[in-house]
1. So for region 261-279 (the condition being of a type outside the set (A, V, I, L, M, F, W, C) and under 28 Å from Leu148 (Cβ atoms)), does at least one residue qualify?
2. Which residues, counting only those in region 167-186, are over 16 Å from Tyr293 (Cβ atoms) and either open to solvent by 50 Å² or more (accessible area, probe 1.4 Å) or under 20 Å from the mean Cα position of the chain (by Cα) (or both)?
3. Of all residues in region 40-56, how many are modelled with pLDDT under 85 and not hydrophobic (A, V, I, L, M, F, W, C)?
4. Taking region 102-127 as the region of interest, how many residues are open to solvent by 90 Å² or more (accessible area, probe 1.4 Å) and not in a loop (DSSP other than H, G, I, E, B)?
5. Just a yes or no: is a residue in region 278-290 at pLDDT below 80, β-branched (Val, Ile, Thr) and under 16 Å from the mean Cα position of the chain (by Cα)?
6. Which residues, taken from region 149-166, are open to solvent by less than 50 Å² (accessible area, probe 1.4 Å) and closer than 22 Å to Thr223 by Cα?
7. Taking the condition in contact with a Pro (Cβ under 9 Å, 6 or more places away or on another chain) and either surrounded by fewer than 20 Cβ atoms within 10 Å (Cβ to Cβ) or over 29 Å from Ala168 (Cα atoms) (or both), does Val300 pass?
Amino acid sequence: MASVFPLEEALPAGEVHDEVLDESDLGNSAVPTFRIRHPIVAFLIRRVPAGLAALLVATMLIFAAVQVLPGNVASVVLGRNATPARVAALRADLHLNDPLPTRYVTFLGNLVTGHLGDSSAALAQGRTLPVWQVIKDPLRNSLVLAVLTIIVYVPLCLVLGTLAGLFAGRKVDHAISMGAVSIGAMPEFLVGTLLIVIFFTKLNLLPPVSQVSPGQTPFSHPTALILPVLTLLLVSTAFGTRLVRASVVEVLREDYVAMARLNGQPERRVILRYTLRNALGPGIQALAQTVQYLIGGIIVTESVFDYPGIGSKLVQAVSVRDVQEIAVISAILATVYVFTNILADLAVMLAVPKLRTQA
């Protein structure tokens, strides 16, 4: 059935055409034009520099936003202890007297070399506390929350989206689509609050808060992870399910699917080999957008359940005007956002071979 399935017409494995001379340049004195023919190499050459440029712009915006926060940073961080002498000393420690471009170059250089600086709030208290020591545990906790959500999210979206697409226009499709739209329309804090009311207030089955004691991992109290994961899962699955459904419906209309059925292929083989394989592209894009959503949604969810993740740490840093923590955490989240896009597009190319012939 190779003639039926167009995805098998991809480039032969291992075939690489690094450079090709443009035929229009033969026989004249013009400078030869070289073109990268291997689709994966061409994609990386095109997207990675673009991603780095986007990340550079993001760090500029983050740094500028931190600097234009209202009020004197040193005075706000010191609070009631803000005497003129202490304000001047803290401004010197934070290099606030240096020119803005110099401070940005120093900030960017430190990020690139992995030196995240010291907590501004700790400096105000007369002690040195590296930002990495402050954020490493919250970052781990948020990563656990995100990974658990994604592990359940991927198969759930594929199953629900495929069912809705296969039975498009029928009761199963209406039920799945209506449920996805209804839940997806609700914000995270509302979904989380409803889950607390149901599972804690009414049923008394799960704790309403998700505290993690210092020195412990989130797995020390696994039941405390259920409601935050369920909140993120309900809100994010709504979008992914609709995207997979639309992709399945579109693929089922393709000629090669009809030809496979006419040739007597079993329906299971048609669905698994022809339909789902072609629908993987939007599914991977949905996963990428869910990871990007988690960057923002996890902040709200962690606040609702008092979960000690990176979102809660960012909110806390903003409240005390810890400029170094705010800038570093925001830069980390921006990096995840940018490179998730690149990895998702690369995964789509690897999963759907015909896209490699269009790169």
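1. Checked against the condition, which is being of a type outside the set (A, V, I, L, M, F, W, C) and under 28 Å from Leu148 (Cβ atoms), region 261-279 yields at least one hit.
2. Scanning region 167-186 gives Phe167, Gly169, Arg170, Lys171, Val172, His174, Ala175, Met178, Val181, Ser182.
3. The total comes to 2.
4. The number of residues fulfilling the criteria is 3.
5. Scanning region 278-290, I find at least one residue that is at pLDDT below 80, β-branched (Val, Ile, Thr) and under 16 Å from the mean Cα position of the chain (by Cα), so the answer is yes.
6. Thr149, Ile150, Tyr153
7. yes
Results for (1) under 30 Å from His221 (Cβ atoms); (2) in a helix (DSSP H, G or I), shown as yes or no for each residue.
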residue	(1), (2)
Asn278	no, yes
Tyr307	yes, no
Gln316	yes, yes
Ile326	yes, yes
Ala331	no, yes
Thr340	yes, yes
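The values are calculated or read from the model by the stated rules, or taken from the named source; none is laboratory data. All values reported here derive from a predicted model rather than from experimental measurement. Cβ sites come from the backbone with ideal geometry, for glycine too, and all protein chains shown count toward neighbours. Just so you know, the surface numbers come from the protein's heavy atoms only, side chains and all, with ligands and any DNA or RNA stripped out. Shrake-Rupley method; radii C 1.70, N 1.55, O 1.52, S 1.80 Å.
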